[in-house]
Structures are given as C-alpha cells and as structure tokens.
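Before any comments, here is the structure.
Values in this text are rule-based calculations from the coordinates and carry no lab data. Keep in mind that this is a model prediction, so the values were computed, not measured. Cβ: placed from backbone, ideal geometry, glycine included. Neighbour counts: every protein chain shown.
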Amino acid sequence: MGISVMTLPKMRIAMPSDSIIGFLQQVRSQRLLFPEQIEQLVQEPDWPQEGLERLCQYLLERGILTRYQAEALLQGRGQELNLGGYPVLEEIGPCTGGMVYKVLHPTLRLPLLLRRLKADEASLGEPVEAFFERVRQWGMWQHPHVAAALDVGRTDDDIYIVLDPLGDHADVETLTGELGGPMPGPVFREMARALASVLRSLHEQGGTHGRICPAHLVLGPLREKVRPDGTRSRRPASDATIKLTELGLLPRLPPVRQQPPPRRYLAYLPPEFFDDPTPTPAADVYALGATLYFLLTARPPFKGDDPVALMEAIAQAPLKPLSRLRPDIPTEISALVERMLAREPGQRPTAAEVEQGLATETSVPSRSGSLPLAEDLPESAPLAESVSSRHLPVAVPVQSSSVSPEPAADWSEAWSCHMAATAATEPPQRRARPITDAERARSRRMLLLGGLLHLTAVTLLLLWIFGAFTSSPEPEPTPPQKKENKIPPKTRPRNPQVG
C-alpha cells in the first residue's frame, strides 16, 4: 500500500506530516523512486519532515527529482509523471501529433525517449486502430540500418512510443551543416547502398516509409574534434553507420496543398503527394533520390522562397544535373539518382534496382580533402531548379591542388580511417577473368575422367562386398607316410675258387 509511518527510523521523535507521507506514497506508486531509495531517504538525519516545498527542494538539490517532477508534484499533477509504466523525467517538446518526454526504463533506469500522441483520428490522419496497428507492425521492424521503436502501447486517450535517444548520433541534415560540405564519393556509396537495402527489404514485405528525408536519417557514433580556433565540431567515427528513423511512427500527412509541412520535409516529397499523400514504393524511391541528391550536393534538388513556390519547382522546374555539381561522381550513379527523381512514378526504378545499381563496381574517386562542387552558374543567371532568385549556400569551388576547407575534410578523414580498418581485416578480392574454349574442353575432360574413376571405385567396392576377391581355401595337409624297412635278399657270396 506504500510507505507508512512504521517504516521511519524508530529513534526519531518527530513524525512526518500526513502530506509528506502522501507525497512519498505517490512517488513510490509512480515509480519515481524505488522503495529502497525511500528507505534510504528517511534515514537521512537532515531530510525535511514538514513542508512539501522544502522536501521537493531537498530532493532537487540532491538530484533525486528533476525540476519538472518537483513542479508537477507540487501542482498536484503527479499522475502525469508515469506514462505506460515509464517514469517521466522531463518534457522535451512538441512533436508531430503530440509531445516528447525523457523517461526512465522501469527496471534498468536507463534514459529513453517517449512520444505521446493523442489517440484521435483528427490528429493521426487515419483511424486510431489503423495507426496503432501500423506502429506495431512497422515501428518495431528490425533492420541493421533502421532505428526501431523499443516499445509501443496505448492508454484510453493516448498512444505512446518508446525510442532509443541515440545520444551519440546526429541527423544527416544537421551534420552536413556542421561539416560544411557534401559527402565524398566513398562515404556516399556506402550510405546509399545501406538505405537502398532498407527500402528493398521494406517494400518486399509490403511496407512503405512515406517521409524519407535527411532529417530522418541519423549517423553515428560521432566524435568531437577541436578546430584550430578552439571551436568544437562533430564528425563521424570510423565505425559510423547510417540509420533510417520514423518508420511507421508518423501520423499521415494532411492534404499537402492545404497544409504544407515544414520546408525541411516538403523539399523531399514527390510531386504526386501534393494531391494524394498516400505512401507508395515509388514515392519512397523519389524521396530517397532527393535525399541522395542532398548528400551529394548539400542542397535539396529544388528550392523556393515559400511552400507554394517550392511545390511549383518540384512539379515543373528542370533538375540541375548532378554531373555539373559533382563531376567526380561516376555518370552511372548520377544518372541513377536523376532517374529516381522522375516526376512520373512509373519512370522511377524500384528499390531493388537502385540497390543493384549502387552495388555495380565503378571507380569512385577519393581525395584526402573535400570534393569540391563544380563551378556554379554566374550570379546573373538564375539556377534552373529555382523559381526565385535566392540561392542556397554551396561549397566554394577550389582547385584540386589547393588545401581543402577544414570542415569538409572531416567527411573524408573519418572515411579514410574506416576504409583502412576494413582493408586490414578483409582479404583482397580477385576479379574473375573469362574462361577460354580450351579451358572449358579441359574442364570437361577432367570431369569425365573424375566420373570414370569414381565409377571404377564404386564397382570395385561392390565386387569386394559380394566376395569377388575372396581367395581359394588352403589345401588340407596330408599325414606323413611311414617308410617300410625292406631287407634286401641275401646274396650268395661269390666263391673265389670258381672260375
């Protein structure tokens, strides 16, 4: 039933007030404190036994409660400090359709994120049961390059989703801004292949994402680097991997033309979403293509000063070729990304074709510094993909012999370490050469000879089993014959006197 006065040390004369006892019962029932923590608290000689404000301040100073918890308890909102069995530490901020909280694992006491969504069709964009089933089916879908939800649950009024905070990761959009330039070719190739493998597996099992963009990709683990000016910057570690987030976790989009999403999401939506925002495999391929375009150029494929201008550019403006922005990338890769950005869904490749195209062996240059963009158009000539005169920032073009800017070098340096470690552990792969007709004939002869030898061995084995090689029995020994002692007839002695 909770802590009682009898649990307090017997040597104390002053007993805690009823409000203090009720307070301790509440923090125990909400799992904000374990029973052993409360036992330890009441044994402290200086713990306040009167006045909730004094007690909350005491617990706050010792890091036992957070300020958010203390304020909620003092305001009588203690029931809000436990969501689905997860003790709430603090409120982080709003998210699409709800609020995000920092919580603790009920038993391990590890920090997690909990997303609380209102269980109503208006905010979810679809029936509550359909959304909850989608979250359960795809939100916890396991893949090496997907950040899946850890737990999903439902109360009378809310749906909660528990996520790993991924503290040593950062979304690709933010990280690209910090590093100051696009991805080098080798980094891009590995990241793109990983994302294509996610989409292929997802589409083969009947799922879709619907909201792929750089903000929904996380890269990590990261490590900090101190610049010469003393500032710090994050960059990928040598074992960094990319993961796709928000799979099955986001409410359906409302009609895009009436309620455009923020620009960081709108810039990567396919044009068919403006009329019908229903996720499809072809829409996922377009969104992935727009994201890959960003990874290669540090800018979205199209831009506009406002949502209407941006949607008009996505639907009508010509795409600036990747070959102009990234001449170091093989033409096959550039053409594949541009095919993914086709406005007609039927003209886009499938996710399996994208994965296969990215796996094709082509030489991707890699330099120790950043890979510069091709020289941009003159300032007087507007960019083809823009419907306004405002330019997004791009990397400054440099000569290959010049020193690369420090921020962009972080991509390549981290990848060089990764490639060196991989090359040290993996044996070199030999490239197969064509087989000549003479070698084929010799192979057939060797196969025929091997077959004959095998048949001969089997035949000899069968003959041996059935006794064909059994030796004749040895002849029986004959008893030795006894020799007869024959006495020769006595000869008459010759008379020497005769004749």
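Which order do Phe302, Phe132, Phe466 fall in if you start with the one that has the fewest other Cβ atoms within 10 Å?
Neighbour counts put them in this order, fewest first: Phe466, Phe132, Phe302.
Could you derive backbone 3J(HN,Hα) for the range 146-153 from the dihedral phi with the Karplus parameters 6.51, -1.76 and 1.60 (θ = phi - 60°), listing whole Hz in sequence and x where the residue is Gly or Pro?
Once θ is set to phi - 60°, the couplings for the range 146-153 become 10, 8, 7, 5, 8, 7, 9, x Hz.
For Thr231 and Arg136 in one chain, what is 0.36 nm times their gap in residues minus the Cα-Cα distance, to one decimal in nm?
Using 0.36 nm per residue and subtracting the Cα-Cα distance, I get 29.9 nm.
Label the range 243-351 by shape, choosing from rounded, prolate and oblate, from the square roots a ≥ b ≥ c of the eigenvalues of the Cα gyration tensor; if a/c is under 1.5 it is rounded, and otherwise prolate applies when a/b is larger than b/c, oblate when it is not.
Prolate shape, in that a/c is at least 1.5 and a/b is the bigger ratio.
Against the empirical 2.2 N^0.38 Å scaling, what ratio does the C-alpha Rg of the range 84-165 come to?
Dividing the Cα Rg of the range 84-165 by 2.2 N^0.38 Å gives 1.07.
Would you pull out the residues with amide H under 5 Å of Lys320's amide H, same chain only if 5 or more places away, H placed 1.01 Å from N?
Distant-sequence amide H within range of Lys320: Glu385.
Mind running the shape call on the range 93-215? Use the C-alpha gyration tensor, a ≥ b ≥ c as the square roots of the eigenvalues: rounded below 1.5 for a/c, prolate if a/b tops b/c, oblate otherwise.
Here the range 93-215 falls in the prolate category.
Non-local amide H neighbours of Leu222 (under 5 Å, H modeled in plane, Pro and chain starts lacking H): which ones?
Ala237
In whole Hz, with x marking every Gly and Pro, tabulate ³J(HN,Hα) for the range 452-463 from phi via Karplus 6.51 cos²θ - 1.76 cosθ + 1.60, θ = phi - 60°.
My calculation for the range 452-463 gives 5, 4, 5, 5, 4, 4, 5, 4, 4, 5, 5, 4 Hz in order.
Can you sort His169, His454, His209 so the residue with the fewest Cβ neighbours within 10 Å comes first?
In order of increasing Cβ crowding within 10 Å: His454, His169, His209.
Among Pro261, Leu249, Ile212, which residue has its Cα furthest toward the positive end of the charge dipole of the range 210-267, with +1 on Lys/Arg Cβ and -1 on Asp/Glu Cβ?
Projecting each Cα onto the dipole axis, the largest value belongs to Pro261.
How much FRET efficiency would the formula 1/(1 + (r/R0)^6) give for Ala457 and Ile435, where r is the Cβ-Cβ distance and R0 is 22 Å, rounded to 0.05?
0.15
Residue by residue, what Karplus-based ³J(HN,Hα) values in Hz, rounded to whole numbers, does the range 130-136 have, using 6.51, -1.76 and 1.60 with θ = phi - 60° and x for Gly and Pro?
Here the 3J(HN,Hα) series is 5, 5, 5, 5, 5, 5, 5 Hz.
Rounded, prolate or oblate: which fits the range 187-271 when a ≥ b ≥ c are the square roots of the eigenvalues of the alpha-carbon gyration tensor, with rounded for a/c under 1.5 and prolate only if a/b beats b/c?
Judged from the Cα gyration tensor, the range 187-271 comes out oblate (a/c at least 1.5, b/c at or above a/b).
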